[in-house]
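The values are calculated or read from the model by the stated rules, or taken from the named source; none is laboratory data. Owing to the predicted nature of the structure, the values given are computational and were not obtained by experimental measurement. Here Cβ is always computed from backbone atoms with ideal geometry, including for glycine, and neighbour counts include all displayed protein chains. These area figures cover heavy atoms from the full protein model, side chains too; ligands, DNA and RNA do not enter into them. Shrake-Rupley method; radii C 1.70, N 1.55, O 1.52, S 1.80 Å.
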Amino acid sequence: QVQLVESGGGLVQAGGSLRLSCAASGGIFSRNTMGWYRQAPGKQRELVADITSAYRIRYSDSVKGRFTISRDNAKNTVYLQMNSLKPEDTAVYYCNYYTSDRVNYWGQGTQVTVSS
């Protein structure tokens, strides 16, 4: 059973930065796609960024140029560096682990709040 533990959320002023981390256990981390999603109040969960086992990366248009996703297979950890944060980035951020069998695993979520 895959388990994901997120950390790094918090309260920051607009223009500030945060770094989220997600440590995975119980699976073959290096073979799977890792991603970050977010869900704001009253909105659907949306993709922020993901990174495949081959290091192909996707970003949502709303975070391109401001967020950077990376992975460290030796530590079974995926990161999301968030710079130039905006109030509209406020959401619960979820780590996602997507397997080749098309199974999704989710972390518990970490709150990011950006004040104006």
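Inside the range 42-71, can you point out the residues that are hydroxyl-bearing (Ser, Thr, Tyr), closer than 17 Å to THR90 by Cβ and either open to solvent by 30 Å² or more (accessible area, probe 1.4 Å) or in a strand (DSSP E or B) (or both)? Correct list: SER62 only. Pairs meeting the criteria (first residue in the range 104-116 and without any contact (Cβ under 8 Å) to a residue 60 or more places away in the chain, second residue of a type in the set (S, T, N, Q), beta carbons under 7 Å, at least 6 apart or on different chains) are ASN104/ASN96. Just so you know, in the range 75-114 the residues that are modelled with pLDDT of 95 or more and among the aliphatic types (A, V, I, L, M) include one that is nearest to ALA49 (Cα to Cα), and it is LEU80. Residues that are more than 16 Å from THR110 (Cα to Cα), assigned to a loop (DSSP other than H, G, I, E, B) and modelled with pLDDT of 95 or more within the range 11-41 comprise ALA14, GLY15, GLY16, listed in sequence order. Taking the range 82-116 as the range and being open to solvent by less than 60 Å² (accessible area, probe 1.4 Å), polar (S, T, N, Q) and assigned to a strand (DSSP E or B) as the test, the residues that pass are ASN96, THR110, THR113, SER115.
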